Amino acid sequence: TLETGELQVRVTQRPTSILISAAGELDLGTVHLLRTALAGRTLTRQDIVVDLSALTFMDSTGVKLLLSLRSHAVRTGTALRLVVNDRVERVLQVAGLAGMFQYETPHAVAVVRVNALLVPDAKPATER
């Protein structure tokens, strides 16, 4: 887990993808945490799921990072899926970008989190 007072980022390795969850405010002052969590993981061919459902704020810096991730996914042939809340969805809609991303339901992410609790060796990738 990486965190500042405004943003917490957690990385969880899933069987076929990496789940990166962010909670709090994603802006110019905190985007480095999400970039750090993504560093190296984008070099793999694993699908990436970015859970932004616990964000309370996202500015254009966060949008720019998502666009960069999308470009990487297109270039490498990997999937990028987002989990969003109403706030993040609205930011993407206002920017005219909502249709550019694939989405995963919060329920699917919750199942992964419960499984990680039930299976002893299913630790977040940052703890391995």
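The values are calculated or read from the model by the stated rules, or taken from the named source; none is laboratory data. Keep in mind that what you see is a predicted model, and the values were worked out from it rather than measured. Backbone-built Cβ (ideal geometry, glycine too); neighbour counts: all protein chains shown. Each accessible area value is taken on the protein alone, full model and side chains, heavy atoms only, with ligands, DNA and RNA left out. Shrake-Rupley method; radii C 1.70, N 1.55, O 1.52, S 1.80 Å.
Brief remarks follow.
- When nucleic acids and ligands are ignored and a 1.4 Å probe is applied, D47 ends up with an accessible area of around 40 Å².
- Note on I48: accessible area approximately 10 square angstrom, rounded to 10, probe 1.4 Å, nucleic acids and ligands left out.
- Distant-in-sequence amide contacts of L7, defined by a placed amide H-H separation under 5 Å and a gap of 5 or more residues or a different chain, comprise E25.
- A probe of 1.4 angstrom, applied to the heavy atoms of all protein chains, finds M100 with accessible area near 80 square angstrom.
- Across the stretch 81-89, computed HN-Hα scalar couplings (Karplus, 6.51 cos²θ - 1.76 cosθ + 1.60, θ = phi - 60°) run 10, 10, 10, 10, 9, 4, 5, 5, 4 Hz from first to last residue, x flagging Gly and Pro.
- DSSP-assigned coil residues among trypsin sites (Lys or Arg not before Pro) in the stretch 11-99, each with at most 15 further Cβ atoms within 10 Å: R45
- Within the shell of other residues whose beta carbon sits under 13 angstrom from the beta carbon of A73, the net charge comes to +4, with Lys and Arg scored +1 and Asp and Glu -1.
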